[in-house]
Amino acid sequence: MTSTGDVLRVPSFALFWSAATLRMFGTTIAGVGVQVLMVTVLQATPVEISVLSALSVVPYLFLGLVVGALMDRWRRQRTLVLTSVGRAIALGSIAALVLLDALTIWSLGAAILVLGVLTLFADSAAQPFLPHVVPRRSLVRANARLGQSETVAATAGPALGGALFNLLGAPILFAIDAVISAVAAVLQARIRVTETAAPRRVQGRHLGREIVEGMRYTYRHRMLLPLALSVHVWFLANSIVVTVFAVFVLRELHLPAWAFGIALACAGLGGFLGAVFAPRIGDRFGAGRAILLGRALVVFPWLALAVLPIDAETSLGVLIVVVSSAQFVYGLSMGIEDANDIGYRQAVAPDEIQGRMNSTIRTTNRVIFFFGALLAGVLATYLGYHVTLGVAASVFAIAALVVAVSPLRNARHGDADLAV
């Protein structure tokens, strides 16, 4: 069986992984730069900040299914290259506007919206393209490598972005980010693979019908149905904890900012280790049980934060240990399940429907997350943070239960192509 290290010895995946890692770091660095620009340079109001932040998600809500269908018609490698080039231009325009002192809320909002659309196209192309880059038996290991990079970027990227902003200023930071995107485009263009040509479309067959076909395939598949339902429920729970966690520990527990940073770093460490061990767990216990392990494991940190008698009067040392441990297990659970979840999903679906299958699941997840975040605010306001986290833990448990009572729990990566 191919080891995780062997995946990087595949030239096409080495290029794909390098470009993806650069993009992940570039995204986190740019995210910090945009936030600082909004608050310190443009002096945006809270309402303006919330609107600008929402613009990055809007493309998923309105275009997710359409773009997914297009990815089953278009060349995915070409899409990845073009989106990286477009990202370089968009980031370069921000640098130029800042340098010329011409940046406004409106121009920054336009840039954020463009970057959001480009990210949507890139994400929609990357997942169905990966099975062309590595053999299907290596998909879990490839996704684990990508998960490790994402975790490192999410942990170190914000600190790097803040340091670059302070040392070099906004124009140089965004210029560097534009160069990173350009380099990613070059790496993506050098990938040598042969993509399967999209089947010739029947006369009168329109995009809407293809979108519906992708949804039917996803939600009628005996393995993808429970997988999709489980991840949808997981996203509802995750939207709650992501929305209230920072407010809970900073405002309710009075945790200092530096301690909050330590907790988030522990989540990154857990995610990295989870991604390292994900392929071995998937090989030993099967894809279904690896996914179930991740889904079940995530219940415990949020249940602990909900029921443990901690408050602002609890000693700082105890709070740091409890909160950091919870974040570590949270990250560990995601690291274990993500590679197995995505790898199995990519192996099950035929190439001609990969884009629509992935976009169906991804778009539904984003819609659920959007409304779940609104629900979290209501729950925290009327029930308090501990009860809200308890509700989230219960929803996480339901996500695990969906896997446990379905045929998915016995799925294995080796026979993924038989799961019809």
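Quick check for you: with a 1.4 Å probe and neighbouring chains kept, what is the accessible area per residue of the chain, in Å²?
Values: 18510 Å² over 420 residues.
Heavy-atom SASA per residue in the chain reads 44 Å².
Using a simple spin-label model with points 7 Å from Cα along the Cα→Cβ vector, what separation in nm is obtained for Asp351 and Arg192?
1.8 nm
For segment 217-373, what is the convex hull volume of its Cα atoms per residue in Å³? Please list the in-between numbers first.
Values: hull volume 17.8 nm³, N = 157.
Here the figure is 113 Å³ per residue.
Give the accessible area for Arg412 in Å² (nearest 10); use a 1.4 Å probe, count only protein heavy atoms, and leave out ligands, DNA and RNA.
Surface accessible to solvent at Arg412 totals approximately 100 Å².
What is the log10 of I(q)/I(0) for segment 78-125, computed with the Debye formula using one identical point scatterer on each Cα and no solvent, at q = 0.26, 0.27, 0.31 Å⁻¹?
-0.88, -0.92, -1.07
Order of 161-172, 228-239 by packing, highest average Cβ count within 10 Å first? Could the numbers behind the result be given before it?
Working: 161-172: 15.9, 228-239: 22.7.
Going by the mean number of other Cβ atoms within 10 Å, highest first, we get 228-239, 161-172.
Under 18 Å from a point placed 7 Å out from the Cα of Val41 along the Cα-to-Cβ direction: which residues of segment 155-174 have their backbone N that close?
Taking a point 7 Å out along Cα→Cβ of Val41, the residues of segment 155-174 whose backbone N falls under 18 Å are 158-174.
At q = 0.13, 0.21, 0.22, 0.25 Å⁻¹, what base-10 log of I(q)/I(0) does the Debye formula yield for segment 298-392 when every alpha carbon is treated as an equal point scatterer in vacuo?
-0.65, -1.12, -1.15, -1.24
In the Gaussian network model of the chain, springs joining C-alpha atoms below 10 Å, which of Pro309, Pro407, Pro135 carries the largest mean-square fluctuation?
Greatest mean-square fluctuation among the candidates belongs to Pro309.
Students often get this wrong: which residues of segment 375-409 have the backbone nitrogen under 20 Å from the point 7 angstrom along Cα-to-C-beta of Ala312?
Output list for this probe position: 380-389.
What FRET efficiency would be calculated for the residue pair Val179, Arg136, taking the C-beta separation as r and a Förster radius of 35 Å, to the nearest 0.05? Show your work: numbers first, answer last.
Values: r = 34 Å, r/R0 = 0.98.
Approximately 0.50, to the nearest 0.05.
Beyond 16 Å, what share of the Cα-Cα pairs of segment 103-181 remains, rounded to the nearest whole percent?
Everything past 16 Å amounts to 69 percent.
Given a 1.4 Å probe and heavy atoms of the protein chains only, how would you sort Glu313, Glu150, Glu252, largest accessible area at the top?
Values: Glu313 160, Glu150 105, Glu252 80 Å².
These residues rank, largest area first, as Glu313, Glu150, Glu252.
Quick one, could you list the DSSP H helices from the chain stretching 24 Å or more along their long axis (Cα atoms) with average Kyte-Doolittle hydropathy of 0.5 or above?
Working: long enough: 11-36 (38 Å, 1.03); 76-99 (34 Å, 1.12); 105-133 (41 Å, 1.43); 139-168 (39 Å, 0.61); 170-189 (29 Å, 1.98); 224-247 (35 Å, 2.01); 257-285 (40 Å, 1.16); 316-348 (47 Å, 0.85); 354-383 (42 Å, 0.61); 385-404 (28 Å, 2.01).
Membrane-span-like by this rule: 11-36, 76-99, 105-133, 139-168, 170-189, 224-247, 257-285, 316-348, 354-383, 385-404.
Given the options Ala404, Ala142, Ala287, which has the most mean-square fluctuation in a GNM of the chain, springs set between C-alpha atoms less than 10 angstrom apart?
Looking only at Ala404, Ala142, Ala287, the largest GNM fluctuation is found for Ala404.
Carbon and sulfur: what percent of segment 209-255's accessible surface (1.4 Å probe)? Don't skip to the end; give the middle numbers.
On the way: 1190 of 1980 Å².
Ligands and nucleic acids excluded, carbon and sulfur give 60 percent.
Treat each spin label as a single point 7 Å out from the Cα along the C-beta direction, and report the Glu252 to Leu8 distance in nm.
Label-label distance for Glu252 and Leu8, simple model: 4.0 nm.
What's the Cα-based Rg to Rh of segment 126-226, Rh via Kirkwood?
On the way: Rg = 19.9 Å, Rh = 17.9 Å.
Rg/Rh: 1.11.
Would you mind computing, in nm to one decimal, how far apart the modelled labels at Thr104 and Ser53 are, each placed 7 Å from Cα along Cα→Cβ?
That separation, rounded to one decimal, is 2.5 nm.
Could you give me the radius of gyration and the Dmax of the chain, taking only the C-alpha atoms into account and expressing both in angstrom?
In Å, with Rg to one decimal and Dmax whole: 21.3, 70.
Grab every C-alpha pair in segment 15-101, bin the distances at 10 angstrom width from 0 up to the longest one, and report whole percents.
Reading the bins upward from 0: 13, 36, 36, 14, 1.
Two-decimal Rg/Rh of segment 355-409 from alpha-carbon positions, Kirkwood Rh? Display every interim value, and only then the final one.
On the way: Rg = 14.2 Å, Rh = 13.0 Å.
Over the Cα atoms of segment 355-409, Rg/Rh equals 1.09.
Between Val387 and Leu61, what's the calculated FRET efficiency when r is the beta-carbon distance and R0 is 35 Å? Round to 0.05.
Numbers: r = 29 Å, r/R0 = 0.83.
For R0 = 35 Å, the calculated efficiency reads 0.75.
In whole Å, what is the distance between the alpha-carbon centres of segment 14-44 and segment 140-192?
Each part's Cα centre sits 7 Å from the other's.
The values are calculated or read from the model by the stated rules, or taken from the named source; none is laboratory data. These numbers come from a predicted model, not from an experiment. With ideal geometry, Cβ positions are generated from the backbone for all residues, glycine too; neighbour counts draw on all protein chains shown. In case anyone asks, the SASA skips ligands and DNA or RNA and just uses the protein heavy atoms, side chains included. Shrake-Rupley method; radii C 1.70, N 1.55, O 1.52, S 1.80 Å.
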